[in-house]
Structures are given as C-alpha cells and as structure tokens.
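This report concerns only the one structure given below.
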Amino acid sequence: MTRKILMLPGDGIGPEIIAQAARVLAACQTHGLDVEIDEGLVGGSAYDVHGEPLPAETLTKAKAADAILLGAVGGPKWDNIEDISKRPERGLLGLRKELGLFGNLRPALLYPQLAEASTLKPDVVSGLDIMIVRELTGGIYFGQPRGIEERDGQRVGFNTYVYSESEIERIGRVAFEMARKRECRLCSVDKANVLEVTMLWREVMERLAEEYQDVELSHMYVDNAAMQLVRAPKQFDVIVTGNMFGDILSDAAAMLTGSIGMLPSASLNENKQGMYEPCHGSAPDIAGQGLANPLATILSVAMLLRYSLDEPVLAEKIETAVGLVLDQGLRTADIASEETDSVSTEAMGDAVLAAFESLYQA
Ligand code: IPM
Ligand code: MG
C-alpha cells in the first residue's frame, strides 16, 4: 500500500533542512519504502502567496496524508502582521488543532560524541535520555476566552488555561505507555500549588497510575522541574506536561544535549497520523547560508518511519547513519567546538546519505 507523505518546508532554514531530509527519504524509497511525496505551503511563505498561514489546499493535503514532515515557520518579516490569526505560527497551531495532534513526543537524547558540546559538565549530561510528552492541542494555547480588549479605560490581555478530564487522560495514557517502553518512570509536571486546572491534572494522573502499577509516577511543580533539568537531568525518564509548560521545558531539555539542532519531534493523533518536525525554529538569522544543522529534520524522518509508517528497520538505519557521521567528526556550526571545522548543511546531508548507503553494503 502506497502511503502519503506531505512535506511542508515553511520559512527560514526550513527549505534547506527539508531538502536534506527529502534526500534521505528518496534513499529509503530506493530501499523499498513505498510512499508518494507531495509538498505544500505553510507559515509565512504561505501567507506571502495566499494571504493565509494555513491555506485550505495545504490543510486538505495534510488531512489526506499519513504523515507530514515540517521544516519550521516564522521570521521577523511577518512579526508585524496586525491580524494575529494570520501570523506564520498560526499555520502550525492550526495544523496541530485541525488534525487533532494532541500527543507531542520530544526526546532529549545526548549523543555521546557530543557530550562536550553541552553547556553543562559532561558528567551531568552523559547518558542523558529523556522523553518529554507534551499535550499539544489544549491548555492555554487554545483556551477560550482569549483576546485583548478595553476595560475601564485601559487595554487588558487575557487567555484561559483549561483542560478537561478527557484531554488529561488521553495524554496521560500516551505518557504511561511510553514509560512502559522505557524505564517505567513517569514525572508529571504541573503547578498544582497555584492553578486549579493542574490540580485536576494531578488528580487524573494519580487515577491513571492505578491502571499502570508497573510505572512509577511522581509529580513535580514546573518551577522545580526547570531547575532539576539543569541541576540533575538524568533523574528523568519520561516527563508528561501541558502545552505551555512542555513548550518551555522542552527547549531547556534540548539545550542539555548540546544543540537544539539535533532534536526531532513527533506529534500524533489517535489514528497514529503524525506531523514530524525538528524542535528548533526557523532561525531566520542563518537562513540561506548553508549553516543549518539538518540532523534534527533527518531524525524526524526516522520518527516518521517508526511511528506513522511502521518501518522500524529503516528508522533505525537512519539513526545509525547519524551516529556514524558524528563518529566521523562531522559537525555543523551549532555543534562544532572551536577546534573542529564545521561543514555545511548539504555536506552533512551528503555524509548521512553515504553512511546510510554503507549500511546496505556491509
Ligand atoms: C514549538 C514552538 C511553537 C510552540 C511555536 C512556533 C508556535 O515553539 O513547537 O515548541 O509554541 O508550540
Ligand atoms: Mg517551543
């Protein structure tokens, strides 16, 4: 059965890194992967053409795809668009919401070859392997009412932090199941000392824990979790948290690994349809210069193959190939230490492809 992949390069460095990931996908096709690949516009580049960050055509294609591979959206060019519903980021949020991609998996894995690239001491981060499970279609990002309005002669901005029991339960299940496949330790992050919505969150997690007796559940307030991530990150196995806390903590966790340029992510719905993207943003400051690290996007292809297309062998080969190029000492600028010369986006792509092919020759 031919499956469909939609590629959405987006803005900034998006097109450059997607180009390298596309080469890896093409190589998979030569090794038996049966997929049909289409492309679409999202974010600022879609706004420029259609006046919308998520054109109807893109949404239709996305709904029909088994998996979506996204680069990144946003940039200063579009920061001043008055109507916030037209900003590039809304294209991304719209895709998440419309496809019901509530389960966001953000692994923070330290490649041993890069221990020196972390800003933390090597012994604090070596062996680090955390999985952050972030709720992605609810919470304060989407809660109503929201807006900016005039009240008593001044403007007031407001958002609503809301979660229903069913929303908490379904992300909780994703996290408990994930913990089961790993070290069976789950830390739920909340702010239950202040916010009612997260008191309910904690209650639902406790209730679920009774069904998952083999998983050890703990709770942590988000401020402490931020501190623990930089103090002793190896204490974590799986972290589950809401949309906004997950946004913040996943950036912090990413940096522990040396570079956010290494980290892929998956966003899944109930049918295993998924959107895959690097955790980093569109990095407009380095766009078009061949400086971007394509590895997070290439590793996102591996996640896509594993979670949406059920192709674990190809996924593992891609991950092995990335390990091999790191062994060879290849580094893009973000992960290069001063002694090593850095290679371009495309040269990194070349090296991954060569390493991938070498795995078939052995
Ligand atoms: C992320 C990004 C997005 C988010 C932005 C671009 C809307 O920071 O995927 O982490 O806040 O979710
Ligand atoms: Mg973020």
Exercise. Note down all Cβ pairs under 8 Å where the first residue falls in the range 9-34 and is at positive phi and surrounded by 16 or more Cβ atoms within 10 Å (Cβ to Cβ), the second is among the hydroxyl-bearing types (Ser, Thr, Tyr) and in a loop (DSSP other than H, G, I, E, B), and they're at least six residues apart or on different chains.
Key: GLY10/SER282; GLY12/SER282
Quiz item: Only one residue in THR332, THR320, THR297, THR345 is touching a residue at least 24 places away in the same chain (Cβ under 8 Å), hydroxyl-bearing (Ser, Thr, Tyr) and under 28 Å from TYR141 (Cα atoms), so which one is that?
Solution: THR297
Quiz prompt | Single residue of the range 260-284 satisfying the filter (more than 15 Å from ligand 2 (Cβ to nearest atom) and open to solvent by 10 Å² or more (accessible area, probe 1.4 Å)) that is nearest to THR119 (Cα to Cα) | solution = PRO284
Quiz item: Of all helices (runs of 4 or more DSSP H) completely enclosed by the range 146-233, which ones contain at least 3 residues that are touching a residue at least 12 places away in the same chain (Cβ under 8 Å) and over 24 Å from the mean Cα position of the chain (by Cα)?
Solution: 196-209
Practice problem: Enumerate the pairs (first residue in the range 72-96 and assigned to a strand (DSSP E or B); second residue anywhere and modelled with pLDDT of 95 or more and buried (at least 22 other Cβ atoms within 10 Å of the Cβ)) with beta-carbon separation below 6 Å, excluding pairs fewer than 6 apart on the same chain, so at least 6 apart or on different chains. | Solution: ALA72/GLY10; ALA72/GLY12; ALA72/GLY14; ALA72/SER282
Quiz item: If we keep just the residues of the range 121-145 that are over 21 Å from the mean Cα position of the chain (by Cα), in a loop (DSSP other than H, G, I, E, B) and over 20 Å from VAL222 (Cβ atoms), which is nearest to ligand 2 (Cβ to nearest atom)?
Solution: GLN144
Quiz item: Is there any pair linking a residue in the range 245-257 that is at positive phi to one that is open to solvent by 10 Å² or more (accessible area, probe 1.4 Å) and within 9 Å of ligand 2 (Cβ to nearest atom), with Cβ under 7 Å and at least six apart or on different chains, and which?
Solution: none
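The values are calculated or read from the model by the stated rules, or taken from the named source; none is laboratory data. Keep in mind the model is a prediction, meaning the values are calculated, not measured. Quick reminder, even Gly has a Cβ in these numbers, built from the backbone with ideal geometry, and neighbours come from all protein chains shown. What goes into the accessible areas is simple: the full protein's heavy atoms, side chains included, and nothing from ligands, DNA or RNA. Shrake-Rupley method; radii C 1.70, N 1.55, O 1.52, S 1.80 Å.
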